[in-house]
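Structure, as structure tokens:
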Amino acid sequence: MPDRLSFQTTLIHNDYVAPEGFAAFPQAIHHASTVLFDNVAALRARNWQQKDNYTYGLHGTPTTFTLEARLAAIEDGKHCRLAPSGLAAIALVDFAFLKSGDEVLIPDNVYNPSRDLADWLSADFGIGVRYYDPLIGAGIADMIQANTKLIWTEAPGSVSMEVPDLPAICRAAHAKNVLVALDNTWSAGIALRAFDLGVDIVMQALTKYQSGGSDVLMGAVITRDDDLHRRIELAHMRLGFGIGADDAYLVLRSLPTMKLRFEAHDAAAREVAHWLKARPEISAVLHPALPDCPGHEIWQRDFTGAGGLFSVLFDPRYTEAQTDRFVDGLKLFKIGFSWGGAHSLCVPYRIQKMRSSWNHQGQLVRFNIGLEDPKDLITDIEQAFTLL
Ligand SMILES: Cc1ncc(COP(=O)(O)O)c(C=O)c1O
């Protein structure tokens, strides 16, 4: 056997120990709210933070602990905690590392519910929030104040797709003892080595590629650092962010195929994106692997793949009513949020209303390229173009 297995092989071969006399591949699903102790002494000696010391279903079962270990391994991290959604995982990071009087810096292209959460933290919890240009790079140093405690990054932004310079942001942050958290949902931990680039905390919405079924909501927060993990664990315990074992099992079941699905999404999305680039209806294809996308050269430097999510800007001659007609006219692409599942999706965004700094012309429409034959998806887009 080779000394070091490839990533795809480790997604399938892991250290699961089956119950005596029942060897099989799947991880068992362990349900529990109450966990029983042998005696009072064992109850008094409990330690909910130790992975082999089960105390209460909320803190984890063998099923959720197994999923946490596999997700940490995928990111090349050490610790992981699950949360009931990607948004809950973002909130977990905010509650773990911010208190009244602190400040958090957030990219202006951030996933919109994360922005809404930050604005709530600012309005009701006394936490300072400032937004920065996602392409700011090393310039973030000028924004860091004495009370700045956390910098969020998203690579790339999940609607307007700018790719940030993570190493430059991390260097500037660490020079001033500020933590950097990354929403790494877009590349699922497959196409970006976040910790190697300097990121301290990785958050993922497992709702996307890790689930792959458009049916599970879940998030994860992953670290390499014991002290950071301890703070995440405490916030997790205090917030009561438990995960159902059935949902954890669904994600465990999908993980062995995740890389293959991701690569299929990636290949199909690039085929559709290149086709769109040559169309007169489209003025820009905001796909990180294409030169139209701000930060394309950073993507080339830091990423090894792209997945299925990208956006386009329509030629400014088309009104919102026309591009809405285009989206309504698609047959294979369905209209709906989220991504990472087998079905292709399409969403028009009123991005001018989401970001005051947005200065591009043309309607923005986002595609999630699923696992259908890209030729059929192109034919679908082509027929919907005639409705413009
Ligand atoms: C980039 C990004 N982060 C986080 C989330 C939140 O995930 P969830 O839907 O599981 O709350 C999403 C969901 O669309 C997302 O696109």
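The values are calculated or read from the model by the stated rules, or taken from the named source; none is laboratory data. This structure is a prediction, so every number in the text was calculated from the model and none was measured. A quick note on method: Cβ atoms are made from the backbone with ideal geometry, for glycine too, and the neighbour counts reach across all protein chains shown.
Numbers below:
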| quantity | calculated |
| --- | --- |
| Hits in region 104-134 (condition: more than 16 Å from Leu182 (Cβ to Cβ) and aliphatic (A, V, I, L, M)) | Leu117, Leu121, Ala123, Ile127, Val129 |
| Test: residue in region 259-282 that is of a type in the set (Lys, Arg), part of a loop (DSSP other than H, G, I, E, B) and out of contact with any Ser or Thr (no Cβ under 8 Å at 6 or more places or on another chain) | yes |
| Scope region 144-187; condition more than 16 Å from the ligand (Cβ to nearest atom), in a helix (DSSP H, G or I) and in contact with a helix residue (DSSP H, G or I) (Cβ under 9 Å, 6 or more places away or on another chain); matching residues | Pro167, Ala168, Ile169, Cys170, Arg171, Ala172, Ala173, Ala175 |
| Neighbours by Cβ (under 7 Å, 6+ apart or cross-chain): first from region 326-337, β-branched (Val, Ile, Thr); second away from the ligand (no atom under 15 Å from the Cβ) and not in a helix (DSSP H, G or I) | Val327/Pro348; Val327/Val365 |
| Filtered residues of region 81-95 (kept if within 11 Å of the ligand (Cβ to nearest atom) and closer than 19 Å to Ser211 by Cβ) | Ala83, Pro84, Ser85, Gly86, Leu87, Ala88, Ala89, Ile90 |
| Condition check for Ser100: under 26 Å from the mean Cα position of the chain (by Cα) and within 22 Å of Ile201 (Cβ to Cβ) | no |
| Selected residue [hydroxyl-bearing (Ser, Thr, Tyr), farther than 26 Å from Gln8 by Cα and surrounded by fewer than 24 Cβ atoms within 10 Å (Cβ to Cβ)] from Thr148, Thr153 | Thr148 |
| Filter pass, Leu260 being at pLDDT 95 or above and either surrounded by 14 or more Cβ atoms within 10 Å (Cβ to Cβ) or in contact with a strand residue (DSSP E or B) (Cβ under 6 Å, 6 or more places away or on another chain) (or both) | no |
| Helices (runs of 4 or more DSSP H) contained entirely in region 29-134, each with at least 2 residues that are surrounded by fewer than 15 Cβ atoms within 10 Å (Cβ to Cβ) | 40-44, 112-125 |
| Which numbered condition Val199 misses (of (1) surrounded by fewer than 23 Cβ atoms within 10 Å (Cβ to Cβ); (2) within 16 Å of the ligand (Cβ to nearest atom); (3) over 30 Å from Cys346 (Cα atoms); (4) not aromatic (Phe, Trp, Tyr)) | (1) |
| Selected residue (criterion: farthest from Thr153 (Cα to Cα)) from residues of region 218-251 that are more than 12 Å from the chain's Cα centre (by Cα) and in a loop (DSSP other than H, G, I, E, B) | Gly244 |
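Results for (1) among the aliphatic types (A, V, I, L, M); (2) more than 15 Å from the ligand (Cβ to nearest atom), shown as yes or no for each residue.
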{"residue": "Gly307", "(1), (2)": "no, no"}
{"residue": "Ala321", "(1), (2)": "yes, yes"}
{"residue": "Ile335", "(1), (2)": "yes, no"}
{"residue": "Gly340", "(1), (2)": "no, no"}
{"residue": "Ser356", "(1), (2)": "no, yes"}
{"residue": "Gln363", "(1), (2)": "no, yes"}
{"residue": "Arg366", "(1), (2)": "no, no"}
